[in-house]
Amino acid sequence: MQIADSHVSCQCDLCCETARVGINTMNLFARILPDKTMMDKVVLRSFGVFKLIPAVGALIDGHCLLVPEFHFSSYSELMSFAPDATQRAIAMACDLLRQMYSEDVVIFEHGPLVVDPSCARSKDDHAHLHIMPLGTDLTADIRSYREDISWQMLGDRRLLAQLFCRNSYLFFQHIRMTGDEEVLLATFALDYEVPKQFFRRVIARYLGRPGEWRWEDHDGLANIESTVRRLWSMPG
């Protein structure tokens with residue numbers, strides 16, 4: 001995967017953590033982790049230029065983010081730029097969590113609209129794909145949460161590449177232990193205000209904690225620490 005025309009930003013918390021640039025001691029993890037010795041363990045696994053890290057605001061044990069080391073705006077951009085490497089990293093991260101937790105996994109993303117491709121990598125958004133072990137099928141919950149959102153089934157997540165510079169979107173995939181997959185996709189026009197942290201709202205409600213969807217207010221520290229301990233105890 002050649003990323004010669006990409007960059008990292010010392011102003012981005014995810015760049016600081018995955019590429020170790022800028023003032024790493026001031027990034028988001030450093031600000032919330034009381035045990036500073038855990039800072040060296042925040043990157044749980046590396047899959048090429050992709051890093052698996054615990055999600056700030058982790059809703060459950062095992063709630064992680066798969067992020068590129070470089071500053072891409074969304075997985076639609078990554079799928080258009082390096083589909084094979086992106087697919088391989090997603091598959092390896094999902095397999096790891098399924099093995100670790102003996103559960104189905106779900107992955108989801110709110111992909112922002114990039115109007116000007118030349119400015120895509122200078123945006124504040126840093127592509128991050130949520131991955132978590134969750135055995136419950138949430139597709140009905142997702143469809144019913146907002147009736148004004150129209151969902152469609154997506155046959156292959158590589159088709160996300162077609163959305164880069166065209167639409168913002170919500171992407172959700174349930175990957176079962178059997179290997180079966182279901183993919184939901186909703187795309188939005190330029191003037192549509194996509195609900196913030198939509199999937200976190202749905203999952204928090206399912207977990208019986210509907211008021212805890214905002215990561216800014218609920219850092220999920222206990223889940224972060226549990227995830228770090230569990231993944232670091234696993235060989236490989």
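The values are calculated or read from the model by the stated rules, or taken from the named source; none is laboratory data. Remember, it's a predicted structure, so these values are computed and weren't measured experimentally. Neighbour counts run over all protein chains shown; Cβ positions are idealised from the backbone, glycine included.
Checked against the criteria, L159 does not count as assigned to a helix (DSSP H, G or I), over 13 Å from the mean Cα position of the chain (by Cα) and at pLDDT 95 or above. In region 207-233, the qualifying residues are those that are among the hydroxyl-bearing types (S, T, Y) and assigned to a helix (DSSP H, G or I), and the one that is nearest to L96 (Cα to Cα) is T227.
What residue, among those in region 114-127 that are part of a loop (DSSP other than H, G, I, E, B) and surrounded by fewer than 21 Cβ atoms within 10 Å (Cβ to Cβ), is modelled with the highest pLDDT? Top of the filtered list is D125. Quick check on my filter: what residues within region 82-113 are at pLDDT below 90, touching an Asp or Glu at 6+ places or on another chain (Cβ under 9 Å) and either surrounded by fewer than 21 Cβ atoms within 10 Å (Cβ to Cβ) or aliphatic (A, V, I, L, M) (or both)? P112 - this is the single residue of region 82-113 that is at pLDDT below 90, touching an Asp or Glu at 6+ places or on another chain (Cβ under 9 Å) and either surrounded by fewer than 21 Cβ atoms within 10 Å (Cβ to Cβ) or aliphatic (A, V, I, L, M) (or both).
Pick from region 48-76 the residues that are closer than 22 Å to L33 by Cα, more than 10 Å from the chain's Cα centre (by Cα) and β-branched (V, I, T): which of them is surrounded by the most Cβ atoms within 10 Å (Cβ to Cβ)? If we take residues in region 48-76 being closer than 22 Å to L33 by Cα, more than 10 Å from the chain's Cα centre (by Cα) and β-branched (V, I, T), then V56 is surrounded by the most Cβ atoms within 10 Å (Cβ to Cβ). Remark: pairs (first residue in region 147-164, over 14 Å from Q87 (Cα atoms); second residue buried (at least 16 other Cβ atoms within 10 Å of the Cβ) and aromatic (F, W, Y); Cβ separation under 8 Å; 6+ apart in sequence or on different chains) = L154/F171; L163/Y169.
To keep it simple, each residue is scored yes or no on (1) surrounded by 18 or more Cβ atoms within 10 Å (Cβ to Cβ); (2) in contact (Cβ under 8 Å) with a residue 24 or more places away in the chain; (3) over 28 Å from G155 (Cα atoms); (4) in contact with a helix residue (DSSP H, G or I) (Cβ under 6 Å, 6 or more places away or on another chain).
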| position | (1), (2), (3), (4) |
| --- | --- |
| L185 | yes, yes, no, no |
| E193 | no, no, no, no |
| F199 | yes, yes, no, no |
| A204 | yes, yes, no, yes |
| P210 | no, no, yes, yes |
| E216 | no, yes, yes, no |
| L221 | no, yes, yes, no |
| T227 | yes, yes, yes, no |
| S233 | no, no, yes, no |
